[in-house]
1. What shape does the stretch 177-224 take by its C-alpha gyration tensor, where a ≥ b ≥ c are the square roots of the eigenvalues and a/c under 1.5 counts as rounded, a/b above b/c as prolate, and the rest as oblate?
2. Any chance you could look up the accessible area of THR168 with a 1.4 Å probe, heavy atoms only, rounded to 10 Å²?
3. Given a Förster distance of 22 angstrom, what is the FRET efficiency for VAL178 paired with SER28, based on the Cβ-Cβ distance and rounded to 0.05?
4. Can you send over the solvent-accessible area of TYR48, 1.4 Å probe, protein chains only, in Å² to the nearest 10?
5. Here are some values of percent of Cα pairs over 30 Å apart: [x] 19; [y] 24; [z] 41. Which one was computed from this structure?
6. With the full set of protein chains in place, find how many percent of the accessible area of the chain is carbon and sulfur; take the probe as 1.4 Å.
7. Between GLN69 and THR168, what FRET efficiency comes out of the Förster formula 1/(1 + (r/R0)^6) with R0 = 25 Å and r the beta carbon distance, rounded to 0.05?
8. Taking the solvent-accessible surface of protein heavy atoms with a 1.4 Å probe, what is the per residue accessible area of the stretch 124-203 in Å²?
Amino acid sequence: MAVVYSEARPRYPSEWFSMLAALTPQHSVAWDVGTGNGQAAISVAEVYEKVIATDISDEQLKQAIPHPQVKYVHTPLEMSDDELVSLIGGENSVDLITAATAVQWFDLDRFYPIVKRVLRKPGGIIAVWCYGSVEFSPEIDAILRRFFDLGKPFQSQSFKIASQCYKTLPFPFESVGVGCEGKPLELDMHKEMSFQGLLKFLSSLPVVHIAKEQGVDLLPGRAS
């Protein structure tokens, strides 16, 4: 799945990272949490001097994109909060924390206190975002609506939070002007994609794998 994820997911626009950089007075250290293959981390590294990119999945990190300013670190769930804080750089040390299409999977009761410990004060910010609705053409959009309707019985709570574009995500942080709890900022992201590319993207969604584990193939006719 890590390979499919790496190949299928659209890239986030560079303008997004430039906007985030403009919101922090310092650009020394960033922490990309749930980095996956490092797709966001390498873009953060273009505007921050050092990026610590962490993930609980060793499999995902094996697909990580190398970058001289990005340090990839496996952080198993067994790692203590103090160990993680020390690994990131200590308290009051991080200018920007990012979680790209990932925060819905986190234990927020554990994650948010760590965020508050490591963010630089004043000036540090946390930014979380995810993919929203996908639009192609009226014909394909109708097929996609059918696909997501069929997948509803297999959607985890985490998937639902993401599919609602984080509108229901608890986010107890002061707004810096680009969205806030209950009112996330919506951005357009354009990508040319073939039909095979679309199938690859859909096959990377967790709901597809959850359904398959329960004996239902949401993408029949496509090789695994």
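1. Cα axes put the stretch 177-224 in the oblate bin.
2. That residue has around 80 Å² of solvent-accessible surface.
3. Numbers: r = 21 Å, r/R0 = 0.97.
Once rounded, the FRET efficiency stands at 0.55.
4. Approximately 10 Å² of TYR48 is accessible to the 1.4 Å probe.
5. Given [x] 19; [y] 24; [z] 41, the calculated one carries the label [y].
6. 54 percent
7. Details: r = 34 Å, r/R0 = 1.38.
With R0 = 25 Å, the Cβ-Cβ based efficiency is 0.15.
8. On the way: 5190 Å² over 80 residues.
Using a 1.4 Å probe on heavy atoms only, each residue of the stretch 124-203 averages 65 Å².
The values are calculated or read from the model by the stated rules, or taken from the named source; none is laboratory data. Bear in mind that the values here come from a model prediction, so they are computed numbers and not experimental data. Cβ atoms come from the backbone with ideal geometry, glycine included; neighbour counts cover every protein chain shown. Heavy atoms of the whole protein, side chains included, go into the accessibility calculation; ligands, DNA and RNA do not. Shrake-Rupley method; radii C 1.70, N 1.55, O 1.52, S 1.80 Å.
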